[in-house]
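The values are calculated or read from the model by the stated rules, or taken from the named source; none is laboratory data. In this text, all values refer to a predicted model and were calculated from it rather than measured experimentally. Glycine also receives a Cβ, built like all others from the backbone with ideal geometry; neighbour counts cover every protein chain displayed.
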Amino acid sequence: MQDPALLWFRQDLRLADNPALDSIADRPVLPVYVLDETAAGAWTPGGAARWWLHHSLAALGADLAARGAPLLLARGSAEIIIPALAQAVGAAEVLAGRLHEPWARERDQRVAEALAADGRRLRLATSAVLHEPARVKSGSGQPYAVYTPFARAVAALGEPDPPLPAPARLHPMPSPPPGEVLADWALLPRDPDWAAAFPAAWMPGEAGGAARLARFVAGPVAQYAARRNLPGLAGTSGLSPHLHWGEVSPRQLWHAVRAALPAEPADASPFLSELLWREFSYHLLWHRPTMPEQPLRPRFTGFPCRGMQRCCAPGSAARPASRSSMPACGSSGSSAGCTTGCG
């Protein structure tokens with residue numbers, strides 16, 4: 001029997017095109033998700049994200065159980081729980097998709113150090129982006145600060161690798177430790193249930209992401225350039241939350257759109273350009289981890305932007321035109337006051 005491994009799910013809640021999972025699909029595996037509610041600090045997910053996470057974990061758990069390896073749920077500090085689980089099941093390594101947020105990188109470093117102290121290791125795979133930020137460099141070896149040359153550099157790398165298939169069967173641990181019950185995490189809103197209408201518009205989970213992607217490439221993608229800026233029309237993909245939680249991968253999106261628009265060059269497709277803008281944002285965040293809280297140029301540190309912060313606040317009247325033109329957003333979990341709400 002091959003050595004067992006721990007598969008740590010984070011923001012890659014899918015089985016298809018999951019490089020970490022694919023690399024250990026023939027080994028005994030313990031899939032685990034840790035609800036670490038303190039590591040993100042001020043960036044801890046809010047109520048709508050917690051609603052989504054509940055349903056996404058339920059879907060992932062069902063998919064894993066159907067393949068023979070149930071998902072173990074744990075709550076607490078990942079830097080304590082992950083090394084303890086690895087030791088309990090005799091896993092020499094922990095596999096996970098790489099995260100790029102500053103707080104997540106700091107946590108991963110602490111987890112890696114705790115594992116190394118016990119003779120184990122954390123192995124991270126590319127999962128959330130097409131290309132790791134460290135791979136895309138200028139001719140001088142420096143990171144990019146402007147989108148256009150960055151996009152050219154990514155194009156020079158060639159087409160992204162094709163997506164990986166989901167494993168048909170997994171090999172479970174013989175005697176996995178007990179886990180927690182998803183319902184006990186109380187991720188869903190109560191009294192009142194302000195998310196009651198969400199299921200009519202959203203289906204969290206890998207199957208929901210795949211269905212939304214299929215609908216997008218079957219029609220709206222061909223008119224994306226013209227309709228994406230018209231809030232009253234369903235002209236966008238609606239895939240942002242599925243991408244955030246990793247229920248679909250950037251490679252799956254890229255190749256699905258390329259297949260739907262085979263005659264359109266990659267650099268001419270507005271939707272693929274948006275994916276590259278997402279890549280560029282991760283590139284900037286990786287190389288400038290203070291970006292979420294500090295301006296890229298120090299001279300803008302004192303720039304007043306209080307009015308901008310109110311623009312997309314729930315109930316804001318800052319953009320009344322968008323309120324009347326987005327009837328679908330108010331009941332779909334997006335802010336009705338933001339033209340990007342249904343992105």
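Worth pointing out:
Per-residue answers, yes or no, for (1) at positive phi; (2) over 18 Å from the mean Cα position of the chain (by Cα); (3) at pLDDT below 90; (4) among the polar types (S, T, N, Q):
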position	(1), (2), (3), (4)
ARG169	no, yes, no, no
PRO174	no, yes, yes, no
LEU239	no, no, no, no
GLY246	yes, no, no, no
ALA259	no, yes, no, no
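- Subset of the stretch 120-156 (residues that are more than 30 Å from PRO4 (Cβ to Cβ) and among the charged types (D, E, K, R)): ARG135, LYS137, ARG152
- Filter result (of a type in the set (A, V, I, L, M) and buried (at least 21 other Cβ atoms within 10 Å of the Cβ)) within the stretch 29-52: VAL29, LEU30, VAL32, VAL34
- If the condition is being surrounded by fewer than 16 Cβ atoms within 10 Å (Cβ to Cβ) and over 20 Å from the mean Cα position of the chain (by Cα), then the stretch 111-134 contributes GLU113, ALA116, ALA117, ASP118, GLY119, ARG121.
- Which listed residue, of ASP12, ASP63, is surrounded by 15 or more Cβ atoms within 10 Å (Cβ to Cβ), of a type outside the set (A, V, I, L, M, F, W, C) and part of a helix (DSSP H, G or I): ASP63
- Residue within the stretch 186-194 that is in contact with a helix residue (DSSP H, G or I) (Cβ under 6 Å, 6 or more places away or on another chain) and either under 30 Å from ASP26 (Cα atoms) or modelled with pLDDT under 90 (or both) present: no
- Residue within the stretch 47-59 that is within 18 Å of the chain's Cα centre (by Cα), among the aromatic types (Phe, Trp, Tyr) and under 18 Å from LEU285 (Cβ atoms) present: no
- Matching residues in the stretch 79-91 - criterion: being crowded, with 18+ Cβ neighbours inside 10 Å and free of Cβ contacts under 8 Å to residues at least 60 places away in the same chain: GLU79, ILE81, PRO83
- Residue check for VAL94: crowded, with 21+ Cβ neighbours inside 10 Å, part of a strand (DSSP E or B), at pLDDT 95 or above and not charged (D, E, K, R): yes
- Pair list, Cβ < 7 Å and 6+ apart or interchain, from the stretch 126-154 residues that are within 14 Å of LEU272 (Cα to Cα) and at pLDDT 95 or above to residues that are of a type in the set (Lys, Arg) and assigned to a helix (DSSP H, G or I): LEU130/ARG251
- Condition met for ALA151 (closer than 22 Å to SER281 by Cβ and crowded, with 17+ Cβ neighbours inside 10 Å): yes
- Looking at ALA25, ALA39, just one residue is outside any helix (DSSP H, G or I), modelled with pLDDT under 95 and under 30 Å from THR290 (Cα atoms), and that residue is ALA39.
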